[in-house]
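The values are calculated or read from the model by the stated rules, or taken from the named source; none is laboratory data. Predicted model only: the values in this text are computed from it and were never measured. Cβ placement follows ideal geometry from the backbone for every residue including glycine, while neighbour counts extend to all protein chains displayed.
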Amino acid sequence: MTGQDVNWVFADLARGERAHLTRVQVACYPEALVIGMPDGAQITWCWNTLRRVRDQADRRVMVLLHNGDPLTRLYLADQGTQEVVSRHARSLGKRDHATPLSKILLWAGGAVASVAVIIFLLVPLMATQLAEILPPEGEKALGDTTFEQIRTALSETGFEGRLRICDDPAGTAAMQAMYTRLNPDADLPYDVQIHVLDHPMVNAFALPGGRLVFFRGLLEEADNPDEVAAVLAHEIGHVVYRDPTRDALRSAGSLGVLGLLFGDFAGGTVALFIANQLINASYSKAAEARADDYAHGLLEKANVSPVALGTFFERLHEEHGDAEGIVAHFASHPQMTDRISAAQAAVDPNRDYDTILEAQSWRDLQSVCGGHGTPPSSGDAPAKKPWTQSE
Amino acid sequence: MPPSNLTISYAGEKGPVFWLALRTGILTVLTLGIYRFWAKTRLRRYYWSAIRPGGAPLEYVGDPLEKLLGFLVAVVFMAFYIGVVNLILMYFSFALLNANYAAYGLSFLGLTPIIFFAQYRARRYILARTRWRGIRFGLEPGAWGYSWRSMVHWIATLCTAGLMWPLTTLWLEKYRVSRTFYGDQRFVQGGAKGMLFGAMRHVYYALGLSVAATVMLVLYGNPAWVLVYLLSGPWLIYGWAYWRAESFKRMTEAKQLGEMRFTANPRPGRIIGIYALGGLMMNIVIFGVFFVAFLALGLVAGTTDLESINIEDMDVATTALVPVVMLVYFLFIILTRAMTHAWITLPLAQHFAEVTEIVNTQNIADIVQRDRDEFSEAEGFAEALDVGAAI
């Protein structure tokens, strides 16, 4: 071949025309890689157009291609020549995309728009309609399932199966007394069940089918029984208007779509997400205001000052900031101050309000999970504490 | 020309595929799943290039951006279906059946035609992006035909408690393979209807023996019959491995590509060995990781003053713990996947590749290139439904 000073080595060439590899000779010139065909013809690949096929299993062979010719491949096994090629060809790793970025952006926009329309318009609309007509038995079943999911998801590190329900008889009786005093039965489509879960989070929420869940943290954080009663009345308001059912149906629709977007990379993420979504159930502002109004009426009827609803959240907000469950839930609403003043406005200045529970019942309620400060169950205490310190 | 054969050599190695899977897995989590299109493409490039019939590697030329685009296209259509259908099914399942497992079941049933459709489309995309010796593979359109046939065959299989499975396997393989091309040459899948029943025989023997033992146990109450399970249990495992090996052999040897034929001799013992060894190694590593983590935890716990922790710190710590737990969880999944690639997927691919041979290849150079299958949706539907090939 041409030139005595260059070193010709053998390589294989696939031209993408027939299922056949051509044995060729390859030489490295200063400006290009030259491929000598068996018939004497020569192909010249300029160094800056040379690309290497990535992620190849066989590390002894370098697979090369030439930008602009997607079919031809050169299989170069000679180590010495591979080194020369790596030195000369500056853009071996460059990626030449055939898919136009504008097209991707267009469809990405389409995908986002379609998901947004479904999650923010279509699904809420349908959920509202369906929640109205779901029979109470169906709602109960939905609530039961969700309740168990939440207990499982919140069982800390998963060493114990599910979160414990606090069922100290005196405390349960105190909670029941509070509920009886508020006496909302006339408004409800079904009976209400109240549970206290043994968890330090300051939170309470309503589930479909009339399950109300309080966390131990909220009972411990409250200054007086009226504050707990105010939260209870507010959550009963959600039950009356079936907000939890609507929200559960909505998340059933939205989560499937979100799972589609993110890919179910680790199956459990979705389950976690469901629980999180339900606990921090973000009802609409209208739904919150409606539940507040209902709570004011209920508290007023029971001769308890409605102002407790506002003051409790206000104090929690000051103490904990925005991060905590119920505080974030309520305090992040921009009309927080409106709601506090609404609570104050609902107070009748000429009236002499009672407290909802006497001192002994209040103590019973606060220790429904087994008393202040003592770890609720010896099993999970060692699991939590070391982590606490490491943070 | 005299008859000639091509053996298949395998260049994949456990170390590189482990690091590739680990790196791409971590990037996938860090990018909230967006990198998964690149991750899959890179792993495929690796696995494809490891298979070298006659010394020339297969090449996977799929473009991650094209996969991303296909996924976005699928999301635009699927989001509506999944969002609305999930919501409606959830409603009906709770309204009529008071349970949510029915919703999952129905939702899955509603998706099955699309799942089979997506599987065929994914196969078409993958084959269209696979080359050997520079020549493209290809699959003719026919996804809906595949979808309804699959449904019919699966229903038949379920109705016969799985006895029909060998026939289903062969029929669906025939549908796919007979539409597969290499260059301009069409593959043919031969084989009589009963061909694969023999490959299932050890499963039948083991099941028959177990049923007989159970019947005798119930009839005579002699606990000695339980000992039969000691034989039939391992026999069932062997039967499963025998099915994997023998069904592959029988179907491969009944395939034709022009005048080319194939031979294959996979060994059931090797398949069991790969799973046993891989499983053992993975357990050792996972146990080791847990052991070290446990020691570290114990060390922290030992130096912590348990009495000085107050509840408020714990709340903060619990909140901060969630991302840590999530991160550990994701790392665990990524590690498991990477180890599965290195110890199970790759050795299996290696075994099946090395025992396969292509015979009568003397006229292979007559095969010419086929046109590019543009296929803008790529395997978007399979991606969206998460039913694509494992790699």
Exercise. Which of the residues belonging to region B:238-271 are of a type in the set (Gly, Ala, Ser) and either surrounded by 19 or more Cβ atoms within 10 Å (Cβ to Cβ) or not in a loop (DSSP other than H, G, I, E, B) (or both)?
Worked result: B:GLY239, B:ALA241, B:ALA245, B:SER247, B:ALA254, B:ALA264, B:GLY269
Exercise. Can you pull out the residues in region B:236-251 that are in contact (Cβ under 8 Å) with a residue 60 or more places away in the chain and under 16 Å from B:GLN350 (Cα atoms)?
Worked result: B:PHE248
Seminar exercise, completed: Among (1) surrounded by fewer than 23 Cβ atoms within 10 Å (Cβ to Cβ); (2) at the interface with chain A (Cβ under 8 Å from one of its Cβ atoms), B:LEU69 falls short only on (1)
For this session: Check region B:132-144 and report whether any residue there is touching a helix residue (DSSP H, G or I) at 6+ places or on another chain (Cβ under 6 Å), in a helix (DSSP H, G or I) and either more than 8 Å from every other protein chain (Cβ to nearest Cβ) or surrounded by fewer than 20 Cβ atoms within 10 Å (Cβ to Cβ) (or both).
Result: yes
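Every residue, every condition in (1) on the phi < 0 side of the Ramachandran plot; (2) more than 8 Å from every other protein chain (Cβ to nearest Cβ), yes or no:
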| site | (1), (2) |
| --- | --- |
| B:PRO53 | yes, yes |
| B:VAL75 | yes, no |
| B:GLY83 | yes, no |
| B:ALA161 | no, yes |
Problem set entry | Failed item, numbered, when B:TRP235 is tested on (1) of a type outside the set (A, V, I, L, M); (2) closer than 23 Å to B:TYR146 by Cβ; (3) part of a helix (DSSP H, G or I) | (2)
Problem set entry | Number of the exception - B:TRP48 against (1) more than 30 Å from A:LEU106 (Cβ to Cβ); (2) surrounded by fewer than 23 Cβ atoms within 10 Å (Cβ to Cβ) | (2)
Problem set entry | Positions within region A:87-104 being farther than 20 Å from A:ASP69 by Cα and surrounded by fewer than 12 Cβ atoms within 10 Å (Cβ to Cβ), in sequence order | A:ARG87, A:LEU101, A:SER102
Exercise. Hey, any hits in region B:30-42 for a residue that's touching a residue at least 24 places away in the same chain (Cβ under 8 Å) and surrounded by fewer than 21 Cβ atoms within 10 Å (Cβ to Cβ)?
Worked result: yes
For this session: Would you mention how many residues in region B:326-352 are crowded, with 20+ Cβ neighbours inside 10 Å and in contact with a Lys or Arg (Cβ under 8 Å, 6 or more places away or on another chain)?
Result: 4
For this session: Please tell me if B:ALA199 is aliphatic (A, V, I, L, M), surrounded by 14 or more Cβ atoms within 10 Å (Cβ to Cβ) and in a helix (DSSP H, G or I).
Result: yes
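I'd like the full set of residues that are among the aromatic types (Phe, Trp, Tyr) and surrounded by fewer than 17 Cβ atoms within 10 Å (Cβ to Cβ), limited to region A:105-137. Reasoning before the result, please.
Initially, region A:105-137 is screened for residues among the aromatic types (Phe, Trp, Tyr), giving A:107, A:120.
If the condition is that a residue be among the aromatic types (Phe, Trp, Tyr) and surrounded by fewer than 17 Cβ atoms within 10 Å (Cβ to Cβ), then A:PHE120 is the only one that fits.
Scanning region A:201-221 for residues that are closer than 16 Å to A:VAL368 by Cα and more than 14 Å from every other protein chain (Cβ to nearest Cβ), which turns out modelled with the lowest pLDDT? So that I can check it myself, show each step before the final result.
Taking region A:201-221 first, the residues closer than 16 Å to A:VAL368 by Cα are A:201-204, A:212-221.
Applying the additional criterion that residues be more than 14 Å from every other protein chain (Cβ to nearest Cβ) yields A:204, A:212-214.
Working: A:ALA204: 83, A:LEU212: 88, A:VAL213: 88, A:PHE214: 88.
Filtering region A:201-221 for residues that are closer than 16 Å to A:VAL368 by Cα and more than 14 Å from every other protein chain (Cβ to nearest Cβ), the one modelled with the lowest pLDDT comes out as A:ALA204.
With among the small types (Gly, Ala, Ser), over 25 Å from B:GLU59 (Cα atoms) and free of Cβ contacts under 8 Å to residues at least 60 places away in the same chain as the only criterion, which of A:ALA57, A:ALA153, A:ALA113, A:ALA89 stands out?
Numbers: A:ALA57 fails: over 25 Å from B:GLU59 (Cα atoms); A:ALA153 fails: free of Cβ contacts under 8 Å to residues at least 60 places away in the same chain; A:ALA89 fails: over 25 Å from B:GLU59 (Cα atoms).
So the residue among A:ALA57, A:ALA153, A:ALA113, A:ALA89 that is among the small types (Gly, Ala, Ser), over 25 Å from B:GLU59 (Cα atoms) and free of Cβ contacts under 8 Å to residues at least 60 places away in the same chain is A:ALA113.
Please pick out the residue among A:GLU139, A:GLU235, A:GLU148 that is within 14 Å of another protein chain (Cβ to nearest Cβ) and within 28 Å of A:GLY297 (Cα to Cα). First the steps, then the outcome.
On the way: A:GLU235 fails: within 14 Å of another protein chain (Cβ to nearest Cβ); A:GLU148 fails: within 28 Å of A:GLY297 (Cα to Cα).
Unique residue meeting the criteria: A:GLU139.
State all residues of region B:126-147 that are of a type in the set (D, E, K, R) and over 18 Å from B:PRO53 (Cα atoms); if no residue qualifies, say none. Spell out how you get there, then give the answer.
As a first pass, look at region B:126-147 and keep what is of a type in the set (D, E, K, R): B:129, B:131, B:133, B:136, B:140.
The one that is of a type in the set (D, E, K, R) and over 18 Å from B:PRO53 (Cα atoms): B:GLU140.
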For this session: For A:ASN183, indicate whether it is at positive phi and more than 10 Å from chain B (Cβ to nearest Cβ).
Result: yes
For this session: Consider B:LEU58 carefully, then state whether it is at the interface with another protein chain (Cβ under 7 Å from one of its Cβ atoms) and surrounded by fewer than 22 Cβ atoms within 10 Å (Cβ to Cβ).
Result: no
